[in-house]
Amino acid sequence: MAKVEREATVGEATLREFLHDMLLIRRFEERVEDRFRAGELPGFLHVAIGQEAIAVGVSRAMEEDDIFASTHRAHGHTLARGSNPRRVMAELYGKVEGVSHGYGGSMHLYDIERGNYGANAVIGGGLPAVTGAGLAFKMRNEPRVAVAFFGDGATNIGTFHESLNLAQLWRTKTVFVCENNHWAESTPGWQHSPVWNDMSKRALAFDMRSLKVDGQDVEAVYAAALEALEYARSGQGPVFLDIPTYRMHGHYIGDPQVYRSKEDREAAAFHDPIPRLRERLGLSDEEFEAFDEEAHRVVEDALEFAKNGTDPKPEDALKNVYA
Amino acid sequence: MASEVKLPRLGQGMESGTVTKWLKNEGDAVAKGEPLYEIDTDKVTQEVESDFAGVLLKIALREGEAPVGQTIAFIGEPGEEVAAPPEPEPEPAPQPEKVSDTAVSDTPVAAPPAPATSNGRVKASPLARRLARERGIDIATLRGTGPDGRIVARDVEGAQAAPAAPAAVPSGDIESIPLTNIRKTIARRLTAAWQAPVFQLTVTADMTRANELVARARELNPDVRITVTDLLAKVCAQALMRHRDVNVQYSEDALLRFPNANIGIAVAAPQGLIVPVVRGVERLSLAEVAVARGDIVGRARDNKLTAQDLEDGTFTISNLGMFGIEQFVAVLNPPQAAILAVGATVDTPVARDGAVEIRPLLTLTLTVDHRAVDGAEGADFLRTVKTFVEDPALAL
Amino acid sequence: MPELTYREAVRDGIAQAMRADDSVFIMGEDIAEMGGSMGVTQGLLDEFGPERVRNTPISEMAIVGAGIGAAMAGMRPIVEIMYEDFLTLSLEQIVNQAAKHRYMSGGQLTVPLTIRTQGGAGWSPGAQHAQQLEAWLVHIPGLKVAYPSTPEDVRGLLWTSIHDDNPVVLFEHRLLYPVKGEVPEQLEPIPFGKARVVREGTDVTVIAIGPLVHRALDAAKQAEEDGISVEIVDPRTLQPLDEEMLVASVKKTNRAVVAHEAVTRMGFGAEVAAVLQHQAFDYLDAPIERVGAKFTPLAFAPVMEQYVVPHAEDVLAAIRRTVGK
């Protein structure tokens, strides 16, 4: 197990792009929360506030042809990989212009052109497919990697174990990204996993290579991801990324978090990755404002687009069942 | 003292009736106005309500014919003595002549029909029901050979088109079918009609506009089955209002000229020819005529007409077009002065403006009682009918 | 025409597909050197090598799930689930993932995955190795389901399944593997949704799948001696179902029996009966009969096992009930 320290290997221009992306995700999620509370959004929504560094760090490290599958908390990954914010917002509003054309919603965002093979509402449900895609890349000798995003909660389910086992056995081109925010909905890590504080032990059980990195440091995440992807891409085997992070808000929008102490929430806020990056870049108020305004602008534009989008026809429900 | 239930006169000209079924048993309580028994007159079978309240003490005539006025039952207080008048021997319902048994054919044995029922519902397979429907067979008269007495397809296929006669039908002998009351009545009335001095007039009408009108009316009234007969009834009613002297009934002393056109529709019901009446057709819309006609024809076929349905007709339409008959002469329906015989609409080549066109032509034949209406009047009326049929807008 | 056993026909179908297309590969438990617990994949490892004929750990979720992922990434995997009963372990992946990816993505994805499995009673396999679960799978929109009963059908339908862009579950039956049958010289793909008339008749239509097709044939021969003319139709694919042909046959004969080895209650036969009742209502001269296993898990003792599963006599009895003889 290797711990990747923050290295000043990423240029400032790239870091600024990271900030742009992370702020976009942050403002997008905040606006989604706000619109949900206003009663405009149907269904369940899970925001990734506090976990933006992982989404951006890993996504930016991926190559164009790499693919990924995500969890129910997928907006960050989706935006970080370059899906058009307008189309993501439109999907949340159930419009035809949405990335899944209204068929999926927040937990089933797909964008094949951006290598997004789907968010998943079943915990661990997408993991076996990521092993399978990694297998296909290996069989065809393609320099592509399949990446799975999941949380600590998923490390207990059968699909997690079967997927890691098979991936390591067949040395598939897969990277397993564990976003360990120490909460499985309302159940704290110590209550659901014997190895909650050191998820890399999970990888060890399968003799899988693992890397641990601070999830609130986007630079470090980026570096670790690059290393993991390179390894997997070479066909030597899959890599497990153990990334502790903080979930700053509740499990779902509207979650009152009665199960969580005030201290815990404050600690999470303290580890907000965005001010950290801002400090790292040494931005003034004005400079940061400029980034923030841009983020707000894109989000408002996306919102406007989504609200004016087209509702699917009711009979459209009958399409797409079979190819 | 107990009240006597006497056989009532239910319609003009009714002399007797046949009690067919009691709806109450001896000892049952009866309320005034409650249906008490069923009676078969020479026209209809109908329920008769009780005129008295009390207990049905005795049924004097269970089944059979009795003259109007005869006591058939007693209603009173429980325990009351019933003056038992010597019961006139009830004429039993005419029995079919015994015919000697010969070799029975191999069609399913027609035992007295005992249809399998569950709660009054006939047990029959969907296929059997459909076949019966298509062939005009009353499924309730069939005997089922399927499980639990279910009527199945082979039972329908083996049945005749008309309900089976009660007795076994051996092959090779002449059957003697006794006349029902209705048959006797028809015979009597039409013999009288034949003796009336009648003349017949025939016209041919171009049905193009009439057919369009009926089609359009159907579109506008999707829940009602509007037919050509309905249109003809309506048109005749309008014509009768313009030729009031044809809208009459003939009696020995006077012509009864009616204010409304009450059009009789001749129906071939299972029990025989019957002519129920749609009243006041001149003030009904085409859809209303269709609804009324559908109702009385349906009830005629189910043998559920009342005496009132048969009264006060001033004109009758008899339509044999559905049998492909092109032209015929209907027998007068006295005391009405006229009856219209309607044939089939046939696509016919006609000369028009020097060219030959194919037109749907309908032949109408009017039979008129000369004692009531003269030739010119009758012809004038028929010409109006033809005009209205060819251009229904003119009837408005 | 050449003859193959059902088992050989499956093997031949897989081999031909793998020869024709590199993206076709097969994975499952014990399918490589051992050639599968039912011997279906014998010889394939030798011809195609371990990359394309993969033994897996005992991980039904991962087997099916990896198949899903590989399919989404452009391969045409065939996964073998050793016993139909073990489908239950992978149902989450089949039902929540494979069946729904295309729909949830708004049509962006296809999952051209074929899942082969076998099941059924015979030789006392016990309750957890003998189930017939096709009724579960036909209930899931997004899945296609096939259950061929002859060597020709299984080879032709397997080919179609592999090349269909939808996830397909193809059921085989252990008692069918040794059954011989004629197959066309050239493999002929059989389309989904096309039933086969196994035997023509006029008095009653028996709609049967899997081993019941053969048992129905036995029953039909006996019925013939009593003057009952039995028509047998094999739907071959359960989803899509050739309703048109089934209804047409019942409209012709006016009577129907639906037969499968699966438990009668709430089974696939119930759906067929409902379809027939609805579309051929005025043509039915008798209630529709269903033949299937009694409502119990499968006992171990042979006498009990035999008691529960449906035999030719049960089909014959049902036929008799419909014609009332």
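The values are calculated or read from the model by the stated rules, or taken from the named source; none is laboratory data. Predicted, not measured: the structure shown is a model, and the values here were computed from it. Glycine also receives a Cβ, built like all others from the backbone with ideal geometry; neighbour counts cover every protein chain displayed.
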Note to self: For the range B:226-269: of the residues being touching a Pro at 6+ places or on another chain (Cβ under 9 Å) and among the hydroxyl-bearing types (Ser, Thr, Tyr), which is surrounded by the most Cβ atoms within 10 Å (Cβ to Cβ)?
What the structure shows: B:TYR250
Item checked: Qualifying residues in the range C:198-230 (those that are β-branched (Val, Ile, Thr) and not in a strand (DSSP E or B)) - the one surrounded by the fewest Cβ atoms within 10 Å (Cβ to Cβ) -> C:THR202
Item checked: Flag for C:ALA9 being under 20 Å from the mean Cα position of the chain (by Cα), within 13 Å of another protein chain (Cβ to nearest Cβ) and in contact (Cβ under 8 Å) with a residue 40 or more places away in the chain -> no
Next item on the list: Considering only the range B:243-294, state which residues are within 20 Å of B:GLY378 (Cβ to Cβ) and assigned to a strand (DSSP E or B).
Entry: B:VAL248, B:GLN249, B:TYR250, B:LEU255, B:LEU256, B:ARG257, B:ILE263, B:GLY264
Note to self: Given (1) in a loop (DSSP other than H, G, I, E, B); (2) in contact (Cβ under 8 Å) with a residue 24 or more places away in the chain; (3) within 14 Å of another protein chain (Cβ to nearest Cβ), identify the lone condition not met by C:ILE78.
What the structure shows: (1)
Next item on the list: From (1) at pLDDT 95 or above; (2) part of a loop (DSSP other than H, G, I, E, B), pick out the condition that doesn't hold for C:ASN96.
Entry: (2)
Checklist line | Residue that is farther than 21 Å from B:ASP391 by Cβ and either surrounded by fewer than 18 Cβ atoms within 10 Å (Cβ to Cβ) or not aromatic (Phe, Trp, Tyr) (or both), where the choices are B:VAL350, B:VAL277 | finding: B:VAL277
Next item on the list: For the range A:274-310, enumerate the residues that are loosely packed, with under 15 Cβ neighbours inside 10 Å and within 14 Å of chain C (Cβ to nearest Cβ).
Entry: A:THR310
Item checked: Residue that is farthest from C:ASP314 (Cα to Cα) [pool: residues in the range C:278-300 that are touching a Pro at 6+ places or on another chain (Cβ under 9 Å), within 14 Å of chain B (Cβ to nearest Cβ) and not in a loop (DSSP other than H, G, I, E, B)] -> C:ASP282
Margin query: Looking at the range B:321-347, I want the residues that are free of Cβ contacts under 8 Å to residues at least 12 places away in the same chain and have a partner that is acidic (Asp, Glu) and surrounded by fewer than 20 Cβ atoms within 10 Å (Cβ to Cβ) with Cβ atoms under 6 Å, at least 6 apart or on another chain. Which pairs are those?
Written below: none
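Could you pull out the residue among C:ARG236, C:ARG196, C:ARG255 that is among the basic types (Lys, Arg), modelled with pLDDT of 95 or more and under 18 Å from C:VAL315 (Cα atoms)?
Numbers: C:ARG236 fails: under 18 Å from C:VAL315 (Cα atoms); C:ARG196 fails: under 18 Å from C:VAL315 (Cα atoms).
Exactly one residue qualifies, and that residue is C:ARG255.
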Checklist line | Qualifying residues in the range C:301-325 (those that are within 13 Å of chain B (Cβ to nearest Cβ) and free of Cβ contacts under 8 Å to residues at least 60 places away in the same chain) - the one surrounded by the fewest Cβ atoms within 10 Å (Cβ to Cβ) | finding: C:GLY324
Notebook entry, point to check: Within the range C:42-75, which residues are of a type in the set (Gly, Ala, Ser), at the interface with chain A (Cβ under 10 Å from one of its Cβ atoms) and surrounded by fewer than 19 Cβ atoms within 10 Å (Cβ to Cβ)?
Noted result: C:GLY74
Notebook entry, point to check: Among the residues of the range A:136-153, how many are touching a residue at least 24 places away in the same chain (Cβ under 8 Å), in a helix (DSSP H, G or I) and within 13 Å of chain C (Cβ to nearest Cβ)?
Noted result: 2
Margin query: Would you confirm whether or not the range A:200-207 contains a residue that is free of Cβ contacts under 8 Å to residues at least 40 places away in the same chain and either over 29 Å from C:PRO50 (Cβ atoms) or within 19 Å of the chain's Cα centre (by Cα) (or both)?
Written below: yes
Next item on the list: List the number of the failed condition for C:SER124; all other conditions in (1) under 16 Å from the mean Cα position of the chain (by Cα); (2) away from chain A (no Cβ under 14 Å) hold.
Entry: (1)
Notebook entry, point to check: In the list C:ILE26, C:ILE14, which residue meets the criterion of being among the β-branched types (Val, Ile, Thr) and in a strand (DSSP E or B)?
Noted result: C:ILE26
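Checking the condition within 24 Å of the chain's Cα centre (by Cα), within 24 Å of B:ASP302 (Cα to Cα) and modelled with pLDDT of 80 or more, which residue from B:GLU47, B:GLU34 passes?
Numbers: B:GLU34 fails: within 24 Å of the chain's Cα centre (by Cα).
Going through B:GLU47, B:GLU34 in turn, the sole match is B:GLU47.
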Next item on the list: Could you tell me whether any residue of the range A:234-246 is within 14 Å of chain C (Cβ to nearest Cβ), buried (at least 21 other Cβ atoms within 10 Å of the Cβ), more than 17 Å from the chain's Cα centre (by Cα) and within 24 Å of A:GLY134 (Cβ to Cβ)?
Entry: yes
Next item on the list: Considering only the range A:92-130, state which residues are buried (at least 24 other Cβ atoms within 10 Å of the Cβ), assigned to a helix (DSSP H, G or I) and in contact (Cβ under 8 Å) with a residue 60 or more places away in the chain.
Entry: A:LEU92, A:SER106, A:ALA129, A:VAL130
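Go through the residues of the range B:201-219 one by one and say whether even a single one is touching a Gly at 6+ places or on another chain (Cβ under 9 Å), surrounded by 14 or more Cβ atoms within 10 Å (Cβ to Cβ) and at pLDDT 90 or above. Spell out how you get there, then give the answer.
First, the residues of the range B:201-219 that are touching a Gly at 6+ places or on another chain (Cβ under 9 Å): B:201.
From what's left, surrounded by 14 or more Cβ atoms within 10 Å (Cβ to Cβ): B:201.
Then keep just the ones that are at pLDDT 90 or above; that gives B:201.
Yes; the residues of the range B:201-219 include at least one that is touching a Gly at 6+ places or on another chain (Cβ under 9 Å), surrounded by 14 or more Cβ atoms within 10 Å (Cβ to Cβ) and at pLDDT 90 or above.
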Checklist line | Meets criteria (at pLDDT 90 or above, out of contact with any helix residue (DSSP H, G or I) (no Cβ under 6 Å at 6 or more places or on another chain) and away from chain C (no Cβ under 14 Å)) for B:ALA111 | finding: no
Check: So which residues in the range B:38-69 are over 23 Å from B:ILE274 (Cβ atoms), among the β-branched types (Val, Ile, Thr) and touching a Pro at 6+ places or on another chain (Cβ under 9 Å)?
Finding: B:VAL55
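Condition first: within 7 Å of another protein chain (Cβ to nearest Cβ) and at positive phi. Can you find one or more residues in the range C:104-113 that meet it? Can you show your working first?
Our first condition is that a residue be within 7 Å of another protein chain (Cβ to nearest Cβ); within the range C:104-113, this holds for C:104-110.
From what's left, at positive phi: C:106-107.
Scanning the range C:104-113 turns up at least one residue that is within 7 Å of another protein chain (Cβ to nearest Cβ) and at positive phi.
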Next item on the list: Would you point out the residue of the range A:71-91, among those that are more than 13 Å from chain C (Cβ to nearest Cβ) and over 21 Å from A:LYS307 (Cβ atoms), that is surrounded by the fewest Cβ atoms within 10 Å (Cβ to Cβ)?
Entry: A:GLY82
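Considering the range A:213-244 alone, what residues qualify as being in a loop (DSSP other than H, G, I, E, B) and in contact with a strand residue (DSSP E or B) (Cβ under 9 Å, 6 or more places away or on another chain)? Talk me through it step by step, then tell me what you get.
We begin by selecting, within the range A:213-244, every residue in a loop (DSSP other than H, G, I, E, B); these are A:213-217, A:234-238.
Selection gives A:VAL213, A:ASP214, A:GLY215, A:GLN216, A:GLN236, A:GLY237, A:PRO238.
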